[in-house]
Amino acid sequence: MKLVSVVVPCYNEQEVLPMFYEEITKVTGQMSKTYPELTFEYLFINDGSKDKTLEILRSLAENDSRVRYISFSRNFGKESGMYAGLKGAKGDYIVVMDADLQHPPAFLPEMYSYVRNGEYDCATTRRVSRKGESKIRSAFARLFYKIMNKISQTEIVDGAQDFRFMTRQMVDAILDMTEYNRFSKGIFSWVGFHTRYIEYENVERPAGTTSWSFWGLFKYSLEGIMAFSTAPLAIASMLGILTCAIAFILIIITIIKSLLGLNDSPDGYPTIICLIFLFSGLQLFSTGILGQYLSKTYLETKKRPVFITKETEEIYLSRKKEAEASGKKD
Ligand code: UDP
Ligand code: MG
């Protein structure tokens with residue numbers, strides 16, 4: 001028998017969660033018919049939701065022993081949710097997918113067909129269109145992938161997603177990467193292994209709203225660049241070398257001019273002001289980049305936990321049993 005763990009990070013997903021559960025159990029039910037060797041567990045991560053997500057998870061866990069959940073003490077972000085899920089999953093195969101049905105469960109049988117005979121270690125989807133997304137957002141996303149792949153050795157495929165069907169071996173490799181600043185798109189690619197991409201058209205959310213703002217995505221893309229490339233540091237030093245070279249040339253010209261008695265000093269005041277602005281700007285820019293990397297290093301050295309668990313289905317169900325037992329005694 002092979003156990004498949006379905007890991008689902010959830011943040012304020014009360015509208016879609018019941019729909020998702022219905023859909024996933026339908027698909028996995030069919031899968032266990034086609035592949036009798038498969039059994040399933042669903043591991044939901046409640047990432048500090050402020051709505052009824054936890055209540056829904058509790059009632060799912062009460063009625064279905066395959067449902068497990070980890071509930072965080074606060075919102076830690078999707079990256080932490082995925083990490084917690086991969087860590088808690090017990091399966092021989094592990095699936096990571098969103099709760100909002102933008103990662104259609106209907107792909108699972110196809111994904112499994114690639115992974116089951118050992119040909120691939122991972123099957124994932126790649127969206128070929130960005131339907132339902134604003135033009136500016138798509139343009140920035142494209143630009144991000146272009147820059148990222150230029151300056152980083154880790155290849156990040158445009159349109160690749162966190163919807164993945166992976167072997168235990170690959171997941172163990174991912175868990176060995178214990179960094180605090182997690183950028184999963186990079187991590188999935190960095191660990192290597194043989195990945196099969198399935199192309200598909202973007203699907204819109206049936207309910208609820210995305211928790212990503214444009215600004216949030218922008219910051220996330222910078223995180224990605226810093227986590228998987230040190231090129232910005234090199235840019236800072238290149239800028240330094242370039243400006244030093246210019247300054248050196250200017251100094252030589254000035255010396256030659258005054259030796260030849262061609263000095264025409266008081267002119268050029270605006271030029272000086274411009275140059276002061278330009279170079280102090282460049283310096284601040286470079287120090288800023290340094291600071292960004294330093295702050296990342298600072299957070300890594302603290303070795304803070306990536307997530308903190310407040311409740312799991314095990315804790316909840318045993319508490320409930322205790323309460324029922326003491327209720328009967330009274
Ligand atoms: N999510 C999460 N923690 C967060 C934000 C999002 O666990 O802080 C989950 C969310 O519930 C969903 C998935 O991550 O299952 C993707 O989020 P969303 O649909 O908002 O992002 P998008 O699909 O727009 O990239
Ligand atoms: Mg979504």
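Think of the chain as a dipole: +1 on every Lys or Arg Cβ, -1 on every Asp or Glu Cβ, centred on the Cα centre; then among 112, 129, 187, 187 lies furthest on the positive end. Inter-label distance, residue 203 to residue 30: 1.1 nm, where each label sits 7 Å from its Cα along the C-beta direction.
Note on region 153-220: Kirkwood radius taken over Cα pairs, Stokes-Einstein applied at 37 °C and 0.692 mPa s, translational D equal to 230 µm² s⁻¹. Can you say what percent of the DSSP beta bridges in the chain, counting only those with both residues inside, are antiparallel? Round to 5. Expressed as a percentage, antiparallel bridges in the chain total about 30. Annotation for residue 220 and residue 66: the two label points, set 7 Å from Cα along the Cα-Cβ direction, are 2.8 nm apart. Axis angle, to the nearest 10 degrees, between helix 231-259 and the longest C-alpha principal axis of the chain: 0 degrees.
Protection proxy ranking of 169-175, 212-218, by the mean of other Cβ atoms within 10 Å over each peptide's residues and highest first, is 169-175, 212-218. Taking 0.36 nm per residue of separation and subtracting the Cα-Cα distance, full extension of the segment from residue 90 to residue 194 would add 35.3 nm. Using R0 = 45 Å, the C-beta based FRET efficiency linking residue 252 and residue 293 works out to 0.85.
Projecting the Cα atoms of 228, 242, 209 onto the charge dipole of region 191-324, computed from C-beta unit charges around the Cα centre, puts 228 farthest toward the positive end. In the chain, the longest principal axis of the Cα atoms and the axis of helix 78-88 are about 50 degrees apart. Semi-axis lengths, largest first, of the ellipsoid equivalent to region 52-191 are 26, 19, 17 Å, with √(5λ) applied to each eigenvalue of the Cα gyration tensor. Largest mean-square fluctuation among 317, 108, 38, in a Gaussian network model of the chain whose springs join Cα atoms under 10 Å apart, belongs to 317. The convex hull built on the alpha-carbon positions of the chain has an orientation-averaged projected area of 23.8 nm².
Length available on full extension from residue 153 to residue 23: 0.36 nm per residue minus the Cα-Cα distance, which gives 43.0 nm. So for region 273-330, taking the charge dipole from beta-carbon charges (+1 Lys/Arg, -1 Asp/Glu), which of 273, 295, 283 sits furthest toward the positive end? Among 273, 295, 283, the one farthest towards the positive end of the dipole of region 273-330 is 295.
Here region 1-52 yields Rg over Rh of 1.06, to two decimals, using C-alpha coordinates and the Kirkwood radius. Close amide H contacts of residue 122 (hydrogens built in the peptide plane, cut-off under 5 Å, sequence separation of 5 or more or a different chain): 194, 196. Net length available on complete extension from residue 309 to residue 278 is 6.2 nm, with 0.36 nm assigned per residue and the Cα-Cα distance removed. Note on 179, 15: ascending count of other Cβ atoms within 10 Å places them as 179, 15, the fewest first. Working note: Cα atoms of region 1-111, range along each principal axis, descending, whole Å: 39, 26, 25.
Since every read-out is calculated from the coordinates, none of them should be taken as a lab result. Values in this document were obtained by computation on a predicted structure and should not be read as measured data. Virtual Cβ from ideal backbone geometry, glycine too; neighbours counted across all protein chains shown.
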